[in-house]
Amino acid sequence: MNTKLNRLFQVLLSISFALIIIVSASKFTLNFRSLYYYDIDYLKIESMSNLSINEIKKNYDYVIDYLNEDKNIEFKLPSLPSSKYGVVHFKEVKNIFDLLDKLLVICIIISVISIFLIEKNILILKHVSTALFAIPLIIMGAFLINFDASFTIFHKVFFRNDYWIFDPNYDPIINILPQEFFFHAVILILSIVILVSILLRIIYFKLNKKEAVSVEVSFQNKNLQL
């Protein structure tokens, strides 16, 4: 394979691998229900919504199951009403997660193909680690400076309407999904990504050190032969 093509596949592998980590962290956080269960007490969602813990969990679990569902089913909460706009919004959120699933599969395929085609280069680990560390820092900085504004910008980027602005009189589900919970979810996603970044950097340094030692030993052996 020529140098330009090899570099192209290296770039594709770096981007694909980084996206795999980010999407996987997002999917993990979506399904890590313990975070929400903890927040029920921490954020006092029970008193805020006037619902029992059991009812809160039942409706939250339904939302998560709906977002994970492969089939195109109607959104209907177990014990809470929903407006037609609320139903549309959750359908749009589900579409985003469906796209993330497809993106994950595509990135895995690209990564596998690239690994077989490119020349082995541990610098890829360094590049992916740097990207995974930089992206969360930028996002985390924005959210920490002004979470409300960042939260609004996020919705304006991913949604072409204002259906995400729920009226609790028509979509009381919003009472059990406080904005602070989403902040905690974002922090968890970014923390996972940063931890993976650090792990990759450690692996890179270990492999790089091992490679350097191997080259030095090889050089010394050649000198002895001379």
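The values are calculated or read from the model by the stated rules, or taken from the named source; none is laboratory data. Here the structure is a predicted model, which means the values were calculated and not measured. Cβ placement follows ideal geometry from the backbone for every residue including glycine, while neighbour counts extend to all protein chains displayed.
Screening the candidates 70, 65, 39, 61 for the property of being modelled with pLDDT of 95 or more, in contact with a helix residue (DSSP H, G or I) (Cβ under 9 Å, 6 or more places away or on another chain), under 25 Å from residue 159 (Cα atoms) and of a type in the set (Asp, Glu) yields one hit, 61. Only residues that are out of contact with any Asp or Glu (no Cβ under 9 Å at 6 or more places or on another chain), closer than 17 Å to residue 40 by Cβ and outside any helix (DSSP H, G or I) were counted across region 147-180, and they come to 1. Here the condition is being under 18 Å from residue 22 (Cα atoms), modelled with pLDDT of 90 or more and polar (S, T, N, Q); of 161, 95, it holds for 95 alone. Note on region 1-31: residues that are modelled with pLDDT under 90, assigned to a helix (DSSP H, G or I), of a type in the set (A, V, I, L, M, F, W, C) and surrounded by fewer than 16 Cβ atoms within 10 Å (Cβ to Cβ) amount to 3.
Being at negative phi, out of contact with any Phe, Trp or Tyr (no Cβ under 9 Å at 6 or more places or on another chain) and touching a residue at least 40 places away in the same chain (Cβ under 8 Å) narrows it down to one residue among 34, 24, 47; which is it? It would help to see each step written out before you state the result.
Values: 34 fails: touching a residue at least 40 places away in the same chain (Cβ under 8 Å); 47 fails: touching a residue at least 40 places away in the same chain (Cβ under 8 Å).
Unique residue meeting the criteria: 24.
Within region 32-51, can you find the residues that are closer than 15 Å to residue 174 by Cα, over 23 Å from the mean Cα position of the chain (by Cα) and either part of a helix (DSSP H, G or I) or among the polar types (S, T, N, Q) (or both)? Within region 32-51, 45, 46, 47, 48, 49, 50 meet the criteria.
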